[in-house]
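Take a look at the structure below.
The values are calculated or read from the model by the stated rules, or taken from the named source; none is laboratory data. As the structure is a prediction and not an experimental result, all values here were calculated from the model. Here the Cβ positions follow ideal geometry from the backbone for every residue, glycine too, while neighbour counts run over all protein chains shown.
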């Protein structure tokens with residue numbers, strides 16, 4: 001090896017001082033626990049899936065929601081507050097006002 005390669009100047013590294021330890025703040029006392037009111041009864045969840053579309057009485061099956069007039073049987077309409085809506089084609093049928 002030649003001297004040029006051996007005499008490559010290395011950059012001088014300065015020693016970095018570590019920061020002083022930061023003191024942790026004193027522990028803050030937590031306020032006394034507040035009593036929670038008694039739990040009320042939970043609402044009954046609506047049935048999901050096929051169980052919400054049919055009703056079985058005396059070995060007879062009845063449909064609870066109407067089928068879409070455009071798409072035919074097999075496409076149930078969604079039940080909203082004032083209308084029935086088909087999710088497949090977008091057909092809307094309004095409920096009769098009371």
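Residue 46 meets the conditions (1) part of a loop (DSSP other than H, G, I, E, B); (2) loosely packed, with under 10 Cβ neighbours inside 10 Å; (3) modelled with pLDDT of 75 or more; (4) out of contact with any helix residue (DSSP H, G or I) (no Cβ under 8 Å at 6 or more places or on another chain) in every case but one. The failed one is (4). Looking at the stretch 52-72, can you tell me whether even one residue there is assigned to a loop (DSSP other than H, G, I, E, B), modelled with pLDDT under 85 and exposed (fewer than 10 other Cβ atoms within 10 Å of the Cβ)? Within the stretch 52-72 (the criterion being assigned to a loop (DSSP other than H, G, I, E, B), modelled with pLDDT under 85 and exposed (fewer than 10 other Cβ atoms within 10 Å of the Cβ)), the answer is no, since none of the residues qualifies.
Of everything listed in (1) modelled with pLDDT under 75; (2) assigned to a loop (DSSP other than H, G, I, E, B), the single unmet condition for residue 4 is (2).
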